[in-house]
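I have placed the structure first, in the form of structure tokens, so that the comments after it can refer back to it.
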Amino acid sequence: MKNLIALLIITICFNCKNNAQTNKKQENVINAKPVEVPIQNGKARAYFASGCFWCVEAIYESVKGVEESISGYAGGHTDFPTYEASNTGRTGHAETVEIIYNPSIVSFETLVDVYFASQNPTQVNGQGPDHGSQYRSIIFYQNEAQKQIILKKKAALAKKLNAKIAAEVYPFQKFWIAEDYHQNFERLHPNHPYIQGTSIPRLNKFKSKFPKELLKEEAH
């Protein structure tokens, strides 16, 4: 019995130590200096986490000026995260999209508007049926100007809704591209049950309330 109690104490202490180390690593991510991605060939990049990246990828690609959105992982403290690893919640990463856009057509400010208009901004650690820290909402900034845009819009939304906004605000550090099978998932798998039941309704709900002049025309 004494040996069992001793083993339990050792296990608890070990877990506490690991959790403390993980929290410290995550604090370092949150407090790090942002990395700014240079504009290349007239294209800029922005990074958003808002639940399942299958949904978010399609939402941003419906916006004028967005050239491409890529699914991946960001906001964590481990290198080379995978889908399986991030799903444990222990890597600190959230499913994130890299938005490649033309800043002469669409501004970072508008991309932030898209972000808040396309989700339940008060849901913590998830969106819709997806729950867990890997699905939490994060907006990444690359410089002080972007940070202030985010904070201003977040505060205005909190006042409008009279509620706490769940989105975290992180300095951008690194984006890890997700596995190939995640890319363009909604477009390639339109009849997938998740796409039919969650992703497409979320996209249509966003389109119904976002200014039509900022959306791409649908192909007929």
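What follows draws every value from the coordinates through simple rules; no lab data is involved. If you're wondering where the values come from, they're calculated on a predicted model, not measured in any experiment. Neighbour counts run over all protein chains shown; Cβ positions are idealised from the backbone, glycine included.
With R₀ set to 25 Å, the beta-carbon distance separating SER104 from GLU179 gives a calculated FRET efficiency near 0.15.
The value of relative contact order for the stretch 39-214, using C-alpha pairs under 8 Å at least six residues apart, is 30 percent.
Taking a sphere under 13 Å around the Cβ of GLY89 and counting the other residues whose Cβ falls inside, with K and R at +1 and D and E at -1, yields a net charge of -1. As a rough guide to protection, the peptides 129-140, 181-192 ranked by mean Cβ packing within 10 Å, highest first, stand as 129-140, 181-192.
For THR96, the residues whose amide H sits under 5 Å from its own are GLY72, TYR73, ALA74, ignoring neighbours fewer than 5 places away on the same chain, with H placed 1.01 Å from N. Dipole of the stretch 39-214 computed with +1 at Lys/Arg Cβ and -1 at Asp/Glu Cβ about the Cα centre; of PRO190, LEU157, GLY75, farthest Cα towards the positive end is LEU157. Extension gain for the segment VAL37 to GLU84, taken as residue separation times 0.36 nm less the Cα-Cα distance, is 14.2 nm to one decimal.
In terms of the Cα gyration tensor, with a ≥ b ≥ c the square roots of its eigenvalues, is the stretch 39-214 rounded because a/c is under 1.5, prolate because a/b exceeds b/c, or oblate? Cα axes put the stretch 39-214 in the rounded bin. Count Lys and Arg as plus one, Asp and Glu as minus one, and take only other residues whose Cβ is under 15 Å from that of PHE175; the net charge is then -4. For the stretch 87-93, backbone phi angles converted through the Karplus equation (6.51, -1.76, 1.60; θ = phi - 60°) give residue-by-residue couplings of 5, 6, x, 8, 8, x, 7 Hz, Gly and Pro being listed as x. Tell me the label-point distance for the pair ILE200, ARG187, using the 7 Å Cα-to-Cβ offset, in nm and rounded to one decimal. It works out to 1.7 nm between the two label points. Compute the separation of the alpha-carbon centres of the stretch 167-212 and the stretch 53-121 and state it in Å as a whole number. Computed from Cα coordinates, the inter-centre distance equals 8 Å. Look at LEU203, LEU151 and count the other Cβ atoms within 10 Å of each Cβ; fewest to most, that gives LEU151, LEU203.
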